[in-house]
Structures are given as C-alpha cells and as structure tokens.
Amino acid sequence: MEKSIETIWKEGFLKSDALIAPKLNNLYNQKSKHIIDKFKRMFKMNLILIVLGSFIVLGASFIVGIPYLGVPMFFILNVLVILNKKLLNTLMLIDKSTNSYDYLMAFDVWLKSQVSINKKFARFLYPFIFLSLIIGFWMKIEEGQRIGTHAVNKLLLTYPDLNLLFGVPVIGIIGALLITGILVLLGGKIYEWDLKIVYGRVFNKLDEIIADIKELKA
C-alpha cells in the first residue's frame, strides 16, 4: 500500500537520512542542538559561578571572622561542582549526529538522571548550609567572646533556669534540629524551585520541541 502524503511528511522529521522535507528535518535538528547547547553553556557558567562564589565566601569569612561558616560552605559548594562536572561530562557523550528525536530523547533521559541525583544531594546540601550558618555565627568572636556564648549569658540573666546542653540552650538545639529535618524533607523540592528559576525557559522550550516531534511521530 502506498504511503500517504502525511506519513511521508512525518518521516521527513524523524529520519536523519530522509530525502523528504529536508528543510523541515534540518530545522528540528538545529532547534534541538541549539536548545541543548544553550543548556550546556548555562550549566557550565553556573558551575563557574558557584566555584567563584565559594572562593568569595571563603575569603570573606576569614575577613569578617566567621571561618566556621566559610570553610564548610567552600567545601560543600565545590563538592556540588565536582558532582555536576561529572554529570556534564556524561552529557557531552550524547551523539549529536543522530536525528533530532533520538538526540532530544537521549538528552531528556540524561536530564531526568541529573535532576534525580541533585535532588538527593540537595537533601544534604541545604541542611548542611543551614547548620554552617548557625555554627559560623555562633563561633564568631566579638570583644574576646563568642557571639553564641554572649547570647546565652544574656538569656540566663532573664531565664536563669534555662536548660543547657554543652553550653547551648536545649530549646535552641531542638529548634535547629527541627529546621534541619524540614530542610532534609524539602531539599529536593527546593532544588526543583531553584532549577525552574535558572533553567525554566530552556526547559519549556525543550518540552515544546519534544511535544512537536512526538506529535509528528504519532
């Protein structure tokens, strides 16, 4: 049975070696490569900015006297960069020579894997940052005394029966643990929000292209 014009037209988009509708086929190939290349550039730039930010935070923390904040932040941010640099290397292995549909599907699989890995890491990242902030400012020395110790001494003047554990108010420890637990539970969701803010427009465009090609393929 002869192929219909509609079937032949669709195949022009989906086969890299098709002779039918080559301009349309090339258009989708170009769109696919353009949007993925744009994501790669943004991804690389974000990693560079995180590294630069980690050095700025580290240097500033020593200048203002909160190294207990700067050192952990420097460490965790660079672990994040190393993790995502490895993921970026796997992205570079995707074959660009395939047709636009296969190329987009391969990228989509990689993206889902990247998001899944980073969501798991985020459950550790955000609590770690929160605890680094608390410890960093608690240990900061002002007028020869730690800010945390000074704050506790002031509280004891008002609440002399305040329960302490290793010199820290128990109520404060409970509050910090509660917030840490919430950040562990919501870490993945917070990461998704960050992702949408940075890459939202790129992802929307990618979804549109995939939807168009799937419609033609159906």
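The values are calculated or read from the model by the stated rules, or taken from the named source; none is laboratory data. This structure is a prediction, so every number in the text was calculated from the model and none was measured. With ideal geometry, Cβ positions are generated from the backbone for all residues, glycine too; neighbour counts draw on all protein chains shown.
All conditions but one from (1) more than 26 Å from L183 (Cβ to Cβ); (2) basic (K, R); (3) at pLDDT 90 or above apply to K86; the one that does not is (1). Restricting attention to the range 57-69, the residues being aliphatic (A, V, I, L, M) and outside any helix (DSSP H, G or I) number 1.
Can you spot a residue in the range 133-147 that is touching a helix residue (DSSP H, G or I) at 6+ places or on another chain (Cβ under 8 Å) and within 24 Å of N84 (Cα to Cα)? Yes: the range 133-147 contains one or more residues that are touching a helix residue (DSSP H, G or I) at 6+ places or on another chain (Cβ under 8 Å) and within 24 Å of N84 (Cα to Cα).
Once the range 70-100 is narrowed to residues that are assigned to a helix (DSSP H, G or I) and among the β-branched types (V, I, T), the residue that is farthest from the chain's Cα centre (by Cα) is V71. Being over 23 Å from K196 (Cβ atoms), at pLDDT 90 or above, touching a helix residue (DSSP H, G or I) at 6+ places or on another chain (Cβ under 8 Å) and surrounded by 12 or more Cβ atoms within 10 Å (Cβ to Cβ) is true of I66. Of all residues in the range 34-61, those that are among the hydrophobic types (A, V, I, L, M, F, W, C) have Cβ atoms under 6 Å from Cβ atoms of residues that are at pLDDT below 90, 6 or more apart or on another chain, in I35/K205; I35/L206; I36/F107; F39/V202.
Of all residues in the range 154-167, none are in contact (Cβ under 8 Å) with a residue 40 or more places away in the chain, part of a helix (DSSP H, G or I) and polar (S, T, N, Q). Restricting attention to the range 162-171 and to residues that are in contact with a strand residue (DSSP E or B) (Cβ under 9 Å, 6 or more places away or on another chain) and surrounded by 11 or more Cβ atoms within 10 Å (Cβ to Cβ), the residue that is modelled with the lowest pLDDT turns out to be L162. Counting only residues that are closer than 28 Å to S61 by Cα and in contact with a helix residue (DSSP H, G or I) (Cβ under 9 Å, 6 or more places away or on another chain), the range 82-119 holds 5 of them. The residues of the range 43-63 that are among the polar types (S, T, N, Q) and either under 30 Å from T90 (Cβ atoms) or exposed (fewer than 14 other Cβ atoms within 10 Å of the Cβ) (or both), listed by number, are N46, S54.
Which of the residues that make up the range 82-106 are within 21 Å of D37 (Cβ to Cβ) and among the hydrophobic types (A, V, I, L, M, F, W, C)? Before the answer, list the steps.
From the range 82-106, those within 21 Å of D37 (Cβ to Cβ) are 84-106; that's our starting set.
L87, L88, L91, M92, L93, I94, L104, M105, A106 - these are the residues of the range 82-106 that are within 21 Å of D37 (Cβ to Cβ) and among the hydrophobic types (A, V, I, L, M, F, W, C).
Within the range 109-116, is there a residue that is buried (at least 18 other Cβ atoms within 10 Å of the Cβ), part of a helix (DSSP H, G or I) and more than 17 Å from the chain's Cα centre (by Cα)? So far as the range 109-116 goes, no, none of its residues is buried (at least 18 other Cβ atoms within 10 Å of the Cβ), part of a helix (DSSP H, G or I) and more than 17 Å from the chain's Cα centre (by Cα).
Matching residues to (1) β-branched (V, I, T); (2) within 28 Å of L91 (Cβ to Cβ); (3) in contact with a Cys (Cβ under 6 Å, 6 or more places away or on another chain):
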{"site": "S113", "(1), (2), (3)": "no, yes, no"}
{"site": "E142", "(1), (2), (3)": "no, no, no"}
{"site": "G172", "(1), (2), (3)": "no, no, no"}
{"site": "G181", "(1), (2), (3)": "no, no, no"}
{"site": "I209", "(1), (2), (3)": "yes, yes, no"}
{"site": "D212", "(1), (2), (3)": "no, yes, no"}
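Filtered by the rule that a residue be over 19 Å from P127 (Cβ atoms) and of a type in the set (S, T, Y), the range 153-185 gives T158, Y159.
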